[in-house]
Amino acid sequence: MIEKPLTPEDVDFVTTLHGEERISFVVLLQPRGDQADVLLRAIDDVAMGELKEAVREAEEPEGDEARETAQIGLEYSLRALRDAGSEAIGQVIEDHPLDKLTTVVEEAGADEVIVLTAPHYVEEFFHRDWASRARHKVGVPVLKLFAHSE
């Protein structure tokens, strides 16, 4: 599960987690604009010392614009994973991401879930971040990783 396109560093990181073992990915991307409210994102930015980003949180695309941007980011990420030698499919998810994640884990017979997001300090403190919530729902190990910055 990701919230923005994978950087080359992210692709290298996730494709080498299991050494030389060939792995495949089912990537679920939820647009960041739909994921948390503006105030929580701004607090996270301030906590990370990114004051200019906190001011710009209100400009984050939402709705149809966020979905269009997310689809482009997903296609980019899938292509990068395939170029790195992995099998990869995916989709943008809009509603009930944890339900969709649970379904994907069951249908794909997944061995683990990787949640690759920017730090979300408020949600993580209260265990409301995607990884913490997924651990109670999906039935396989959940690995929380922080995405690299662009």
Item to complete: Would you mind finding the one in 43, 23, 2 that is at pLDDT 85 or above, among the hydrophobic types (A, V, I, L, M, F, W, C) and more than 14 Å from the chain's Cα centre (by Cα)?
Response: 23
Discussion item. Anything in region 80-101 that is part of a helix (DSSP H, G or I), at pLDDT 95 or above and surrounded by 13 or more Cβ atoms within 10 Å (Cβ to Cβ)? List them, or say none.
Written reply: 80, 81, 82
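The values are calculated or read from the model by the stated rules, or taken from the named source; none is laboratory data. Remember, it's a predicted structure, so these values are computed and weren't measured experimentally. Here the Cβ is made from the backbone with ideal geometry for all residues, glycine too, and neighbour counts use every protein chain on show.
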